[in-house]
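Everything on this sheet refers to the single structure shown next.
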Amino acid sequence: MFLERHVCPCYMKDSHLACSNQESSYRRHPMLLPETPSAPADNSDFQSIFDEAVKEYNKKTNGNITSDPLLVELGSCTSVDDILAVFHRRDEDLRAPRCNLERFLIPILNVLCKVSPIIVDGVGLVFPPAKAPADFICAGIGILLSAAKGVHTYRKALADLFSRIRHFFARLEVHTKTEIPLTMAMKRIFIEIMTEVLSILAIATKEIKRPVTIIYLKRLIKNKDIKDSLQKLDTLTQAESSMAQAEIHSITLNVQRNQLRDRLRTWLSPPDPSQNHNLACRAHNEWTSQWLFQNTIFNKWKSTGSSSLLWLYGKRGSGKTVICSTIIEDIMALRDAGRAYVSYFYFDSRDTTKRSYQDLLHSLLFQLSAQSNHSFDTLSRLHSKHDHGTRLPSDDAMMECLKDMLSTADPNSTYIIVDALDQCPHTSGITSPRGHVLNLLKKLVELHLPNLYVCVTSRPEVDIRLVLEPLTPNRLSLHGGNGKIMKSFLRLPRLLVYGRAKRGLQRRKQVVTR
């Protein structure tokens, strides 16, 4: 039927937007403002709600709508005109000028055709033979018309009834003219409206089949059961209206926050660490992860908390950056599960935007603001205090902002991971950029926050050792002791490839000799 084949264009557009968002330059860590998480709607009983409505319909009409030939016949319809043609074949009087039922039916059928795919999408309703709720409504209307066939005095009563149903459906039609997708809670209301309409059709069909006086039929709309169902419909449409207003308000707030997020990005101009991260991830292999996740020091750091610091150090080429990216990936899995926040940075002597203390702070602040509303609001206040972004914040102001972000009652852990600290410039005399970063790390550890975890990788430079060694016992050398094992793990894939190539060359030599 048309209801099954029609695809709402708003879902096509949303899927396109979702794909385009994934193409962000922050591929491994998209800098997107999160929406406030809402409790997921339970749609497990959607099927049972409408199943029960179908059973009640069958009970009231003493029939079986699921196996009714009309439902099967409507299955081949692809438009409202096709549906009306089916009704006309069953009752030629519907075409008569004196019959004004079509002017009420057409708006109802139009809404059903437009709303049905929006409701069914993502709900998972399945009815034999794979019919949508709106199909049953159309079949119920057809059965009601057939029951009233040939008795013109019924037309006024049915016109009053269809007029009321059209009034309720007019509210639903609003959602077919917007590109805002329905929430599961809104879909539930739509399903409940469909069940009440099916109940009204069942009661009307039952009353028309009953041998009662024409005067009573003209007052069909005043039937107690129908009045109760109409009252429920009124309540449901009021709830739908309130929910729609709340959703519009929420969407407006999200738009405003996303616009502010863009202004914050322009204001801070944070460097993109995901470029370095993605490059490092290409060098991953299962042996690196195996070595890391079995390491006692690493596991102790992850379980300690209270501003725990992990320092991985090694000579050039010892695999620090590869291991750092492996740690980031491990923590990102916690973030994706909603259990952690992660902010990372790769110092890079070849990139002028990833050398300074300010580059680090800008990146950390912006990443954290994209992961929690508390952090976003904290950074927004800093933006407002600096004339809404017309002035850049001082180092001290950014440090206080970072402390405020971390000092929250949020149960999620926060991980700050910094790679290649030795590539941050170190100069003599006044405090160097690297000195500022070391002071920052020291302040973070001394906060003793229960859910803060800090990880740093670097070469074992003297100034770095003097600051980090007293701060933590969680120190992991990659060029001595266990580091020799790490080096062999990093070399293992290359050795395996070399071994295969060497064996292949030997076999070819043997063939030539023979």
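Worth a mention:
- Residue check: residue 330 meets all listed conditions (1) surrounded by fewer than 24 Cβ atoms within 10 Å (Cβ to Cβ); (2) modelled with pLDDT of 95 or more but one, namely (2).
- If the condition is being assigned to a helix (DSSP H, G or I), open to solvent by less than 10 Å² (accessible area, probe 1.4 Å) and without any contact (Cβ under 8 Å) to a residue 60 or more places away in the chain, then the stretch 411-440 contributes only 438.
- Qualifying position, being in contact (Cβ under 8 Å) with a residue 40 or more places away in the chain, open to solvent by less than 10 Å² (accessible area, probe 1.4 Å) and not hydrophobic (A, V, I, L, M, F, W, C), among 371, 367: 367
- Residue match in the stretch 284-295 (condition: farther than 22 Å from residue 422 by Cα and in contact with a strand residue (DSSP E or B) (Cβ under 8 Å, 6 or more places away or on another chain)): yes
- A single member of 156, 131, 149 is under 30 Å from residue 47 (Cβ atoms), out of contact with any Pro (no Cβ under 8 Å at 6 or more places or on another chain), modelled with pLDDT under 85 and open to solvent by 10 Å² or more (accessible area, probe 1.4 Å), and it is 131.
- Scanning the stretch 265-281 for residues that are part of a helix (DSSP H, G or I) and touching a helix residue (DSSP H, G or I) at 6+ places or on another chain (Cβ under 6 Å) yields a count of 5.
The values are calculated or read from the model by the stated rules, or taken from the named source; none is laboratory data. On a predicted model such as this, the values are computed, not experimentally measured, just so you know. Heads up, the Cβs are rebuilt from the backbone with ideal geometry, glycines too, and the neighbour counts pull from every protein chain shown. These area figures cover heavy atoms from the full protein model, side chains too; ligands, DNA and RNA do not enter into them. Shrake-Rupley method; radii C 1.70, N 1.55, O 1.52, S 1.80 Å.
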